[in-house]
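Only the coordinates and a few stated rules stand behind these numbers; no lab work does. As the structure is a prediction and not an experimental result, all values here were calculated from the model. Quick reminder, even Gly has a Cβ in these numbers, built from the backbone with ideal geometry, and neighbours come from all protein chains shown.
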């Protein structure tokens, strides 16, 4: 949001003045806040906080050499990385792709059917989508 077109300046003013959540911020749940706090206390080595461990996609304790290696850029993604995922099945890739492609074709067919139904309903209300002169 860097322009003042379409009332964006007013929107930004209200976001700031009313301390509202915007596109770059989000409200965290109590569980998320607790997880972050526990991790921070463990990272600091506080008594009773448990042992700290790096968790891909969530937290990473980077040393100065790693930070220097990234040109002192502190963007979290450079260090934390992405959360590791696991496949819940042992299906071979080609078989999985065939299955997913078949599912996608079915969803495309359903989409086309719904599109026709929506256009029919709009037409029955007098909305045909004809361009104005």
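Quick one: plug the Kirkwood hydrodynamic radius of region 88-127 (C-alpha pairs) into Stokes-Einstein at 37 °C, 0.692 mPa s, and report D in µm²/s.
Once the numbers are plugged in, D ends up at 267 µm²/s.
Would region 56-108 count as rounded, prolate or oblate if I go by the C-alpha gyration tensor, calling it rounded below 1.5 in a/c and otherwise prolate when a/b exceeds b/c, oblate otherwise?
Working: a/c = 4.25, a/b = 3.06, b/c = 1.39.
Verdict is prolate for region 56-108.
Along Cα→Cβ, 7 Å out, is where each label goes; now give me the distance between the ones at residue 68 and residue 30 in nm to one decimal.
4.6
Compute the separation of the alpha-carbon centres of region 95-133 and region 23-55 and state it in Å as a whole number.
Result: 45 Å between the Cα centres.
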